[in-house]
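The values are calculated or read from the model by the stated rules, or taken from the named source; none is laboratory data. Just so it is clear, the structure is predicted and the values come from calculations on it, not from any experiment. Positions of Cβ are generated from backbone atoms using ideal geometry, with glycine treated the same way; all protein chains shown enter the neighbour counts.
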Amino acid sequence: MRRKFRTMTGIAVAFTAGAVAGPLLTSPVVQAWAQTSNREDTYKLLNLFGDVFERVRAEYVDPVNDRDAVENAINGMLQGLDPHSSYMNARNFRDMQVQTRGEFGGLGIEVSQEGGYVKVISPIDDTPAARAGVKPGDLITNLNGTSVQGMSLQDAVEQMRGERGTAIKLTIRREGTPAPIELNLTREVIRPQVVRSRLEGNDVAYIRLTSFNEQTDAGMRKALQQLRQQASGGLKGIILDLRNNPGGLLDQAIQVSDDFIDQGEIVSTRARRPEDSQRWNARAGDIAQGLPIVVLTNAGSASASEIVAGALQDHRRAVVLGVRSFGKGSVQTVMPLPGNGALRLTTARYYTPSGRSIQATGIEPDVEVLAQRQDTAVRDREADLRRALRHEDTTPQHPVAPLPPLNLPQGLLDRIQHTPAENAPAFDPTKPETDFQLQQALVLVRGMGTPQAAPAPQPPQQRRASNL
């Protein structure tokens, strides 16, 4: 997601200010909007909204909160555009800012909701929750003595977060433990672990990025430096795992890509107005120092993950292995509405360096490898979502350049297995040897060898229109 904060004026501000009917129609902002829209029925439509709003206020069976009604109307308007445009009230906007900063005051628990309770997915290492003995699968039933039944997950998370040094009591129900467990915890500054890393066989750096927040690039750089120091015989390659990474900040995706690409385009966007389109180019330098890279993707790799995978693939800086990614190739601009949260509006599409649109198609892997022999889980991609933006790729102004060949050692691809064997062990996240895609990535990256000093082939530079 692209963070481009603007001051939003116009009809949405008039709505959220509570203006209806007469005041709405006399607003200079609305009048200007009506004139530029070239629609003769603009005033009729605004009168329709005001009429419906007043009837709801006066005649609905229960009293209606004006702000709730208007916010629901705004959300309906935005959600009718595409799956990713929405209105965020002040609380949701604050939560989004917290998530993108990558740190907050809290307990250090990844949670979901189950049976009306808050279920612990995993405690984050070295946090109050982990030190207190919170375990995956625990059900949080009470917060400070108040039942979470009937409480939304968002409300529960908001109660567990708070200022550093403040205390909270959790009541936990754990399978196999007859009596409830009560834990008194003190909140600390939590920095979710968006980068996980380890050495595979003492010669391959495995780096997993779980999302793209403000900590991602710095965390990845630090992880690679540490793994390089740990590899006594030197690194032979890098595996960058972007599976199930839903994306995040555009600037972090650009920085991560730039870390490995020495020159050329990283990503571009095309907006409704050509003058709003943008392009980002790499700066000189490769933190991997030319080591072979394999990028892992799956249907859960979206948005910023697809920007990284697409950039490295187009420059032939990495080989993408796995299955086709999610296909979210749209830019959401966050526009603050002073005193009323923010508007998240889709304003452009992403394009890879060769000119390919990510939207509704995703990134096709160079080497397709299934995670399991029979994938019984049905997982929607962007193209399956209601009102998803259409795919737009080749135009006379924006031709798509063919990708250079992979140029892998002869016979290497023949060594890659594309489907697990019938007797393959079930995947266990704690046992890397059961991760079939990872094991095939290790075969591939070790077989690629150290590249030559000559630069990798670059996609043609004339593929872009001059206004980008």
Residues being in contact with a Lys or Arg (Cβ under 6 Å, 6 or more places away or on another chain), part of a loop (DSSP other than H, G, I, E, B) and modelled with pLDDT of 95 or more - total across segment 265-286: 0
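For segment 94-194, give me every one of the strands (runs of 3 or more DSSP E) that falls completely inside it and has 2 or more residues that are at pLDDT below 90 and of a type outside the set (D, E).
Values: elements: 104-106, 109-114, 117-123, 139-143, 167-173, 181-186, 188-190.
Filter on segment 94-194 gives 104-106, 109-114, 117-123, 188-190.
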Any hit, segment 262-275, residues being among the polar types (S, T, N, Q) and buried (at least 22 other Cβ atoms within 10 Å of the Cβ): yes
Of all residues making up segment 202-233, the number that are in a loop (DSSP other than H, G, I, E, B), under 17 Å from P246 (Cα atoms) and out of contact with any Pro (no Cβ under 9 Å at 6 or more places or on another chain): 1
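Out of A424, A401, A441, I need the residue that is touching a helix residue (DSSP H, G or I) at 6+ places or on another chain (Cβ under 7 Å) and buried (at least 17 other Cβ atoms within 10 Å of the Cβ). Which one?
Values: A424 fails: buried (at least 17 other Cβ atoms within 10 Å of the Cβ); A441 fails: touching a helix residue (DSSP H, G or I) at 6+ places or on another chain (Cβ under 7 Å).
Result: A401 is the single residue among A424, A401, A441 that is touching a helix residue (DSSP H, G or I) at 6+ places or on another chain (Cβ under 7 Å) and buried (at least 17 other Cβ atoms within 10 Å of the Cβ).
Give the residue that is modelled with the lowest pLDDT, with candidates limited to residues of segment 409-453 that are over 15 Å from Q372 (Cβ atoms), of a type in the set (A, V, I, L, M, F, W, C) and part of a loop (DSSP other than H, G, I, E, B).
We begin by selecting, within segment 409-453, every residue over 15 Å from Q372 (Cβ atoms); these are 409-416, 430, 432, 441-453.
Pick out the ones that are also of a type in the set (A, V, I, L, M, F, W, C) and you get 412-413, 416, 441-445, 448, 453.
So of that shortlist, the ones also part of a loop (DSSP other than H, G, I, E, B) come out as 412, 416, 453.
Numbers: L412: 97, I416: 97, A453: 37.
Residue satisfying both the conditions and the ranking: A453.
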Flag for I207 being farther than 20 Å from S305 by Cβ, under 26 Å from the mean Cα position of the chain (by Cα) and surrounded by 14 or more Cβ atoms within 10 Å (Cβ to Cβ): no
